[in-house]
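Below is one structure; the comments refer to it alone.
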Amino acid sequence: MENGVKPAKIKNIAELARLAGVSAGTVSRALADMSLVNKETRERIQALAREHGFRPNQMARRLRTQRTGVIGVVIPLGHERRQHISDPFFMTLFGYLADELTESGHDLMLSRVIPGDDEWLDRIVDSGMLDGALVIGQSDQSAVIERVAQYYKPLVIWGSHREGQVQCTVGVDNAAGGRLAAQRLLDRGARRLAFFGDTNGPEIADRLAGARQAVAAMPGATLHDFPTHLASDEMATQISANLDDIGDSVDGIVCASDIIAMTTIRLLHERGISVPDRVAVTGFDDLPLSQRMVPQLTTVRQDIAAGARAMAEALRLRLAGQDAPSTVMTPELIIRESA
C-alpha cells in the first residue's frame, strides 16, 4: 500500500503477468512454487500476487492438472459397525496423517464406511473427487481392497501384510507384537492367560496367533480367547461378561488394544481385583492415554507417527506413478505398571 492507497486488485493471471513483465506460464508456475522458475522470480511474483489480492482459481487449476488436491482417508467398518471415528486409535493416526498431507498441500476427506456390498471402495476411488486414498484398517474387507488395488495405484492401507499381496500396506508385525505381550505375562509367572479382542480383522487375528505361539512354547501354560468388541458402547458390557466367564481362572490378560486393556483394568478394579498383583494386563498400540491411567499400561508400541509418515510417502510415490512396497514395522514392548 503506497500513500495510503490500496493497490488495485488483479483479476487473472494475464494481468499479473503484465505487471510482473513475464509470461502467463511463468506466473502460473511461480504461483505453483515450481522450481522451473528461479527462486528470486518466484518470490517476486508471489509477493505481487499477495500485494494485489490475487488468488488463483483453484477449480480451473484442478481442471488443467486433472488433480483435485484431495486425499481420501477411509475407515471401513465391515466387522465392527458400531465403532466410531472418535476411537482414540483412529484419531491419533488421522492426526499424524493430516500433519503429513496438509504440509504437502493436500486437503483431506474423511469417510467412515459400513460396507453394504463389494463395490464400496470402487465407488470411492472412481468418484473423481480424489487424487488418492488411504484406508485405515482392513476390517473384514481384505478381498475387496486387494481387488481394487490391482487397478487403482494411489491406494495405501494401514493393516497387515500378506506375502504375494498387491495392496500396499503399512503396519506393525502384529504376530510379533502378540508374542511380545504374551511373553511378558509368562515371564512374570502367569500361566493361565486370556485374550480379549475381535479376530474378524487380520490385524487382531495376527496378534492372537502370536500370543498362541508364545504360550505353546511354555509348558503348562494355557490361553483362551474371548471375542471382544472394539465399539466403545458395547466393549464394557462384553468385557464384563468375559470376566464373569473367567472368574478366578486366569492370571494374565492379553488385550488386543489399549482401549480394551484400559476398560478391562477399570472393570477389574470395580470387582476388587488388583492389577497386576492378581491379574496382569497388557495392551496394544501405546496410545498417549496409556501413560495417563492408573496403573500405567504395559503395552506393545506400534509407532503410529512413523507409520503415518510411511503411508504419506508411499502415497506420494504412487501419485507420481512409481511403485511403493509395503512397510512392516517392528513392535516394541513398553513395560509399565499393569504388567
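Key figures for this structure:
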| item | result |
| --- | --- |
| Peptides ranked, highest mean first, by Cβ atoms within 10 Å: ranges 150-161, 237-248, 16-27 | 150-161, 16-27, 237-248 |
| Carbon plus sulfur fraction of accessible area for the chain, probe 1.4 Å, in percent | 49 |
| Convex hull volume per residue for region 97-142, taking Cα atoms only, in Å³ | 85 |
| Approximate shape of the chain as ellipsoid semi-axes (Cα gyration tensor, √5λ), whole Å, largest first | 50, 21, 17 |
| Calculated P(r) of region 166-324 - Cα pairs past 24 Å, % | 35 |
| Per residue value of the accessible surface for region 87-160 (all protein chains in place, 1.4 Å probe), Å² | 42 |
| Amide proton proximity set for SER160, modelled H, under 5 Å, gap of 5+ | GLN138, GLU203 |
| Selection of trypsin sites (Lys or Arg not before Pro), region 253-320, meeting DSSP coil and at most 15 other Cβ within 10 Å | ARG271, ARG278, ARG292 |
| Long-range HN-HN contacts of ALA280 with modeled amide H, under 5 Å | GLY252, ILE253 |
| Residue-by-residue Karplus 3J(HN,Hα) for region 299-313, coefficients 6.51, -1.76, 1.60, Hz, glycine and proline x | 8, 9, 8, 10, 6, 5, 5, 5, x, 5, 4, 5, 5, 5, 5 |
| DSSP-loop trypsin sites (Lys or Arg not before Pro) across region 155-235, with at most 10 other Cβ within 10 angstrom | none |
| HIS224 long-range amide H proximity, modeled H, under 5 Å | LEU193, ALA194, PHE195 |
| 3J(HN,Hα) from dihedral phi, region 92-106, Karplus parametrisation 6.51/-1.76/1.60, rounded to Hz, x for glycine, proline | 5, 5, 4, x, 5, 5, 4, 4, 5, 7, 5, 5, 9, x, 9 |
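The values are calculated or read from the model by the stated rules, or taken from the named source; none is laboratory data. Given the structure is predicted, the values throughout are model-derived calculations rather than measurements. Cβ atoms come from the backbone with ideal geometry, glycine included; neighbour counts cover every protein chain shown. Protein only, heavy atoms only, side chains kept; ligands, DNA and RNA dropped before computing areas. Shrake-Rupley method; radii C 1.70, N 1.55, O 1.52, S 1.80 Å.
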